[in-house]
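Here's the structure we're looking at; comments come further down.
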Amino acid sequence: MKTINIPFMKYRRAAFIFSGLLILVGLISLLSVGLNLGIDFTGGTIMHLRLGDDYSMDEVREVLAPFGLEGVPLQRVGRGEDGMGNEIVIKTPELDETARREIIAAFRERWPQMTGQDVLRIDNVGAVIGRELTREAFLALVAAALLMILYITLRFEFRFALAAIVALLHDAFVIIGIFSLFRLEVNSTFIAAVLTIIGYSINDTIVIFDRIRENLKYRGNRTVEEVVENSINANLMRSINTSLTTLVVLLVLFIAFNYFVGAMDLKMFALALLIGIVSGTYSSIFIASPLWLLWRKAGLKKKAPAPS
Amino acid sequence: MSQRKKKQAGLQALFFIIISVLLVSASIVFLLNWDDYLRKGLDLEGGIYVLLEAVDTGDAEIDYDAIQRAMTIIRQRVDELGVVEPVLQREGERRIRIELPGIDDPGQAMAVIGRTAMLTFLSPEGEVILTGANLKNAYFTRGEYNQPVVALEFDAEGREIFARATQEYLHQVIAIYLDEELVSAPVVQAVITDGNAIITGIGSAEEAHSIALMLRSGALPVRLVELETRSVGPLLGENALRLAFSAGIVGLLLVALFMLFYYRFAGLVSVISLIVYLAVVFLVLAALKATLTLPGLAGLILSIGMAVDANVLIFERVKEELRLGKTILTAINTGFELALRAILDANITTVIVALVLFIVASGPVRGFAVVLLIGIMASFLTAIFLTRMLLRMAARSRLLKKPAYLGYRG
């Protein structure tokens, strides 16, 4: 069997530029247009109804007009017998229980064949909950990052911890940037996705760092750069196989949820993880490892100018 | 190979086969019957999730006792709706979380749960004559024109007050309010001494049913506002469940095929461990009386990825050892030892994330964290113990005699 030996560290400059640009674009998008926040963050109501095969958007707006909601975003979904969407998703500002009941009653009057079962989903989230969610997300992110820095510093050393955290911030930024750029909706499941990616990214980085740590002990006359490269190469099949299998599972999930409107949030979840896993695998090799190498070299120069 | 060694190898092979078949079949039987011991979440079965918060109105103090009483009343209302296994929980100081699984008409339940339902009779001068506190019973019935009405029956004190009031305001209007809403304003036709009254002017039979139900359970001692509601119709839930399961099974099959193709015999071992791993996760979930939700299923499918990773890490390490020219058994032993530390460190960092999520997050994200947490631990245990045991057994038997069986192409 041929041993793989790709000089990954040679590409570090290209990788840094690529990642830098990616993050820059994401950051510009984030600062200018921000995120497309769903009702979990902004508060609001979503009603998902099955109206039957023959309905037009104008009819729906007519029903909504008496409630002053004729201008709200509507989405035709589902699949009726004629292949057209027979369901509708209505997104409105927060409505109280009475208003929701009256709207549903109006729809049932307009489409008399509707039963209680055709009210597929009603979600109503108060603005308070949205604010709490944002705080929770921020808290979770900071707490997780600090605890991981602590753990990696204890098990490895501070430079490893720092490199790993930069890599995971990279992944978090990539995913948030892409969601901002393509105006993909962000809900509470997105937070779970970002945190899962952080978990995956750190997992992937640690496996490589573990190998670097091990190889440093039996370094012989290899340079640190060679040690890093050998470690990445030794791990390459694992990196590829693991990310491929996880990607396959996620892809199946994504395709399945694509056909199912009730799982809109989960579709986004699967998508976020798909992007995150690619980014996480990439950043372990092209961001975390070279960063550690650079810092280590810089540290050695400062501490021990004597020849080794 | 000596006769004794051969016999021993045969025995190991037999053990391997028996243990594998037993474990896999027990796991599959257990997994197929998950419906019996795992509760389905609202998103998979249909139902309502409501988060209510008590607000200050000036006349009612919100304390522990008031929330507790409110919960008792809500429970009573929910019971009357016929909900099986409702969940009512206090959250923080002044919040109540309600989960009602398997409801056919979420709309009706929503109309009933959080409403204060304070019934008041007002005199023409606008003074409160009587409230719902003096009610003995309330029920739905039909009035003389077959219109839906709510019949009221007062207790002894109420009967007395009502008799006096109807005498005092004979041929005048008494207004009947439910919370701030005027339900009807009948003219008193006669003095009523038997303590019975009816409320007319109710829009529909459904509404009359709801009002009667709320009056029977009594008014809530505090005003509750709705912070969050998620109601999923049963059809949507059923679809979600079917879809998530088929996606999970297809995903698993693809992973199994990949492992078999790439790691051959070792791949088979990992597939066996993966099936057992799934059963372990379900077992723990069942023991914790957890509810399986859609985010939970997503967490499960993701943790399968992590379980596969542990196996891949080990097998790649074993291959490296084989490359160094070690025997299969030694390669397996050293490979495991070397992979163990990486798996441990990697898993602990992921556990940290999952734990933080579990502590900080609420609702669906939390459900995801629980499954992820259990998944990581189960994957660690099955990879370290089961995969190792089976591989070593196979290595000692004649089942695994060539490095090629491990996917090693030297």
* Structure fact -> Within segment A:121-179, restricting to residues that are more than 9 Å from every other protein chain (Cβ to nearest Cβ), under 30 Å from A:Gly78 (Cα atoms) and touching a Gly at 6+ places or on another chain (Cβ under 8 Å), the one that is surrounded by the most Cβ atoms within 10 Å (Cβ to Cβ) is A:Ile175
* Mind listing whichever residues of segment B:85-113 are β-branched (Val, Ile, Thr), under 25 Å from A:His48 (Cα atoms) and either at pLDDT 85 or above or under 17 Å from the mean Cα position of the chain (by Cα) (or both)? => B:Val87, B:Ile98, B:Ile103
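A:Gly52 - would you say it is of a type outside the set (A, V, I, L, M, F, W, C) and in the same structural domain as A:Ser180 (by TED's automatic domain parsing)?
Working: of a type outside the set (A, V, I, L, M, F, W, C): yes; in the same structural domain as A:Ser180 (by TED's automatic domain parsing): no.
In short, no.
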* Asked: When only residues in segment A:86-98 that are within 11 Å of chain B (Cβ to nearest Cβ) and at pLDDT below 90 count, which is nearest to B:Gly233 (Cα to Cα)?
  -> A:Glu87
* To do: Filter segment B:322-340 down to residues that are within 13 Å of another protein chain (Cβ to nearest Cβ) and touching a helix residue (DSSP H, G or I) at 6+ places or on another chain (Cβ under 6 Å) and give me whichever is surrounded by the most Cβ atoms within 10 Å (Cβ to Cβ).
  => B:Ala339
* **Pairs, first within 8 Å of chain B (Cβ to nearest Cβ) in segment A:237-252, second among the β-branched types (Val, Ile, Thr), C-beta under 6 Å, six or more apart** => A:Arg238/B:Val312; A:Asn241/B:Val312; A:Thr242/B:Val312; A:Thr245/B:Val255; A:Thr245/B:Val308; A:Thr246/A:Ile277; A:Val249/B:Ile301; A:Val252/B:Val250
* Check on A:Leu271, surrounded by fewer than 24 Cβ atoms within 10 Å (Cβ to Cβ), in contact with a helix residue (DSSP H, G or I) (Cβ under 8 Å, 6 or more places away or on another chain) and within 22 Å of B:Gly248 (Cα to Cα) -> yes
* Structure fact -> Among A:Thr42, A:Thr98, the single one that is without any contact (Cβ under 8 Å) to a residue 12 or more places away in the chain and β-branched (Val, Ile, Thr) is A:Thr98
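So that you can scan it fast, the table gives a plain yes or no per residue for (1) within 35 Å of the chain's Cα centre (by Cα); (2) under 25 Å from B:Glu238 (Cβ atoms):
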{"position": "A:Met114", "(1), (2)": "no, yes"}
{"position": "A:Leu120", "(1), (2)": "yes, yes"}
{"position": "A:Leu133", "(1), (2)": "yes, no"}
{"position": "A:Leu141", "(1), (2)": "yes, no"}
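It is to be established whether one or more residues within segment B:156-179 are under 30 Å from B:Arg230 (Cα atoms), surrounded by 19 or more Cβ atoms within 10 Å (Cβ to Cβ) and aliphatic (A, V, I, L, M). Working first, answer last.
Filtering segment B:156-179 down to residues under 30 Å from B:Arg230 (Cα atoms) leaves B:177-179.
Next cut, surrounded by 19 or more Cβ atoms within 10 Å (Cβ to Cβ) only: B:178.
Retained after the next criterion (residues that are aliphatic (A, V, I, L, M)): B:178.
Yes.
Within segment A:30-49, can one find any residue that is within 14 Å of another protein chain (Cβ to nearest Cβ), over 30 Å from A:Gly276 (Cα atoms) and not aromatic (Phe, Trp, Tyr)?
yes
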* Structure fact -> Per the list (1) within 33 Å of the chain's Cα centre (by Cα); (2) surrounded by fewer than 20 Cβ atoms within 10 Å (Cβ to Cβ); (3) within 14 Å of chain B (Cβ to nearest Cβ), residue check on A:Arg101 breaks on (1)
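Considering every residue within segment B:183-194, establish whether at least one is within 13 Å of chain A (Cβ to nearest Cβ), free of Cβ contacts under 8 Å to residues at least 24 places away in the same chain, surrounded by fewer than 17 Cβ atoms within 10 Å (Cβ to Cβ) and not in a loop (DSSP other than H, G, I, E, B).
First pass over segment B:183-194, keeping only residues within 13 Å of chain A (Cβ to nearest Cβ): none.
No: zero hits.
The values are calculated or read from the model by the stated rules, or taken from the named source; none is laboratory data. For clarity, every value in this text was computed on a predicted model and none was experimentally measured. Methodologically, a virtual Cβ is constructed for each residue, glycine included, from the backbone with ideal geometry; neighbour enumeration extends over all protein chains shown.
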